[in-house]
Structures are given as C-alpha cells and as structure tokens.
Amino acid sequence: MTWRLGDLTVNRIGFGAMRLPQRGTAFDRRAQPRDRAQAIEVLRQAVELGVNHIDTAAFYFSATRSANELINSALAPYPEDLVIVTKVGPGRTPQGEWLPLATPRQLKGQVEENLRQLGRDHLDVVNLRVSGLDDVSAHFEQLAALQQDGLIRHLGLSNVKPHHLDQAQRIAEVVCVQNSYGLGHHAEHDDFVGVCGERGIAFVPFFALAGANQEAGTSADDDVVTEVAQAHGASPSQVRLAWTLARGPHVLVIPGTGDPAHLRENVEAGRLGLTTEELTRLDAAHLNGG
C-alpha cells in the first residue's frame with residue numbers, strides 16, 4: 001500500500017513524531033518528557049518495520065526533548081527512501097509559549113530551523129499549518145519561493161478548508177492535505193477527503209485514532225469498533241486505522257506513539273481486511289459520532 005507525494009513514494013502507514021518528546025501532545029506543557037533512549041529506539045524500529053514517512057515539526061518539543069533532534073539522532077544518515085514531512089506556520093518561544101501563526105516573511109526562518117534540526121539541506125515536504133487565516137495566498141507564495149530556491153521539494157497544507165486548497169493550488173502544486181479526521185471525528189470533512197482523491201492529493205489525517213472527543217475510547221462509536229475488533233482478534237485502534245485507510249487509496253495515516261508494542265500494532269493495521277458489512281456499520285457509526 002503506497003501513495004506518491006509528488007515524486008516521492010511512501011507507504012500509507014507512516015509515523016507521527018508529535019508524542020516523541022513527551023508523554024502527551026505538543027500542546028500540553030504539563031506533560032512529562034519521554035525517555036530519550038526509548039524514543040530513539042521507537043524511531044529505528046519504525047523504519048525497520050517499513051515506515052518511510054515521518055511527520056514532524058520544529059515546534060514539537062518538551063523542556064528537554066525535540067522531535068526533530070530525536071529523528072536526526074536516530075536515523076541520520078537517512079535512508080534514501082525516507083520521506084520527512086514537516087510543517088510551518090505556528091511557532092513556540094524558547095519557553096514553550098505558542099505563537100499561533102508566523103507572518104509570510106517569518107516562514108523562511110521556520111524552514112531554516114527545521115533544516116538545522118534535521119541536518120538536511122532541503123526538506124522533502126513542508127505543510128503550511130493554518131490557524132485563523134481565511135486567505136493562505138501570501139503565506140503559500142513565500143513557501144513556493146523557498147521551493148524555487150531549493151530549500152523545499154514539495155508543498156502541502158494542514159488544518160485547512162477546501163477554499164484554502166483552491167487558493168494554494170493557484171500558486172503551486174499541493175501534494176498533501178493534513179487535517180484532523182477519523183472514525184466518528186470530523187465527519188464534515190468526508191467530502192473534502194473525496195475532493196483530495198479526485199485531485200490526486202494525499203489526505204493525511206491526524207488524530208485518526210481519536211473519536212468524536214479526540215481521545216480514543218471515549219466516543220459514541222466505541223461499541224461498534226469493539227465488536228469489529230473482537231471479530232478479527234484485533235485492537236480497536238487497528239480497526240480505526242483500517243477504516244481510515246479504506247476511505248480511499250490516497251488516504252495516509254500517521255499514528256504516533258512512544259511505545260514499541262503500540263508501534264508494531266499500528267503498522268500491522270495495514271493487514272486488517274474489513275468486510276463490506278463491517279465498513280457499512282463503521283460508516284454509520286462515523287456519521288452518528290461525527
């Protein structure tokens with residue numbers, strides 16, 4: 001199961017690095033830093049298991065850990081087929097305070113920050129993460145200029161609406177859209193998933209393991225997910241990932257974990273074959289939960 005990000009081929013099950021620096025999301029400043037050796041081991045195991053698409057950002061850091069630095073330490077020199085996707089737009093001060101959205105002129109500094117941390121001379125894919133912005137044109141034009149300068153290979157979008165994609169495509173090629181989406185979570189994005197497929201653009205959900213409340217195990221669709229999981233001898237998380245992949249061949253997933261056992265479980269979800277009847281039940285639960 002593969003898809004192309006521009007001229008780069010990736011396996012449809014990737015790895016999200018947000019949880020590597022700490023035991024929680026990048027947005028939780030109270031979360032405890034993760035053991036560095038364990039985080040590095042998880043990254044190396046991910047590549048050994050066939051993962052060649054890693055999602056990261058310079059603003060994924062805790063008081064003592066940085067996702068980009070961990071990736072660099074664990075995987076450099078990088079395998080030739082490894083695609084590292086990062087994102088710019090938001091930022092954080094050294095103290096960890098959030099800066100919602102950079103100005104277009106500040107994006108070059110964010111790109112260069114990712115280059116330094118990852119030890120690269122160019123970035124494979126850079127997503128513009130949008131927050132509270134109705135028109136992305138000025139920001140995307142700046143990234144397109146950096147692409148022309150050779151600092152970026154391909155461009156994508158994150159946390160966007162369909163009109164943002166239209167604006168960006170008038171400026172440069174968009175290879176992926178990364179939005180919060182999953183079974184029972186943001187069903188209003190269903191049509192957008194289809195639009196991306198029609199345009200040959202990868203749709204990459206984050207929080208694909210979350211339900212309607214953005215925490216696995218808390219949403220209205222849990223009963224159906226649990227029943228399907230038991231029928232296959234699989235975990236509910238594997239069912240959620242398999243359902244997400246079934247939304248279309250252009251849909252990729254980037255589940256993140258700092259636990260080696262969970263990592264293997266996530267990767268093995270790609271082998272879980274759901275029946276037509278099961279998908280119909282899960283689709284109904286998705287609409288009810290979303």
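The values are calculated or read from the model by the stated rules, or taken from the named source; none is laboratory data. Worth saying up front: this structure is predicted, and the values here are computed from it rather than measured. When we count neighbours, we look across all protein chains shown, and the Cβ atoms used for this are built from the backbone with ideal geometry, even at glycine.
In the stretch 270-283, the condition of being in contact with a helix residue (DSSP H, G or I) (Cβ under 7 Å, 6 or more places away or on another chain), outside any helix (DSSP H, G or I) and aliphatic (A, V, I, L, M) is met by at least one residue. The set of residues in the stretch 68-93 being closer than 23 Å to TRP3 by Cβ and not in a loop (DSSP other than H, G, I, E, B) consists of ILE71, LEU75, VAL83, ILE84, VAL85, THR86, LYS87, VAL88. Checked across the stretch 73-85, the condition of being of a type in the set (Phe, Trp, Tyr) and at pLDDT 95 or above holds for at least one residue.
Within the stretch 179-192, one or more residues are of a type in the set (Phe, Trp, Tyr), modelled with pLDDT of 95 or more and outside any helix (DSSP H, G or I).
Summed over the stretch 199-214, the residues that are modelled with pLDDT of 60 or more, among the aliphatic types (A, V, I, L, M) and in contact with a Ser or Thr (Cβ under 7 Å, 6 or more places away or on another chain) give a count of 2.
Considering only the stretch 225-244, how many residues are over 19 Å from ASP259 (Cα atoms) and crowded, with 21+ Cβ neighbours inside 10 Å? The total comes to 5. Taking the stretch 1-43 as the range and being among the small types (Gly, Ala, Ser), modelled with pLDDT of 80 or more and part of a loop (DSSP other than H, G, I, E, B) as the test, the residues that pass are GLY6, GLY14, ALA17. Taking the stretch 120-132 as the range and being under 21 Å from the mean Cα position of the chain (by Cα) and either closer than 23 Å to LEU8 by Cα or modelled with pLDDT under 95 (or both) as the test, the residues that pass are ARG120, HIS122, LEU123, ASP124, VAL125, VAL126, ASN127, LEU128, ARG129, SER131, GLY132. For the stretch 228-269, name all the residues that are farther than 17 Å from PHE15 by Cα and without any contact (Cβ under 8 Å) to a residue 12 or more places away in the chain. Once the filter is applied, which keeps residues that are farther than 17 Å from PHE15 by Cα and without any contact (Cβ under 8 Å) to a residue 12 or more places away in the chain, the stretch 228-269 yields ALA229, GLN230, GLY233. Restrict the check to the stretch 2-10 and report whether at least one residue is surrounded by fewer than 17 Cβ atoms within 10 Å (Cβ to Cβ) and either touching an Asp or Glu at 6+ places or on another chain (Cβ under 9 Å) or within 19 Å of LEU209 (Cβ to Cβ) (or both). Yes, because at least one residue in the stretch 2-10 is surrounded by fewer than 17 Cβ atoms within 10 Å (Cβ to Cβ) and either touching an Asp or Glu at 6+ places or on another chain (Cβ under 9 Å) or within 19 Å of LEU209 (Cβ to Cβ) (or both).
Among the listed residues GLY248, GLY233, GLY273, which satisfies the condition of being more than 28 Å from ALA74 (Cα to Cα) and in contact with a His (Cβ under 9 Å, 6 or more places away or on another chain)? Testing whether each residue is more than 28 Å from ALA74 (Cα to Cα) and in contact with a His (Cβ under 9 Å, 6 or more places away or on another chain) leaves just GLY273.
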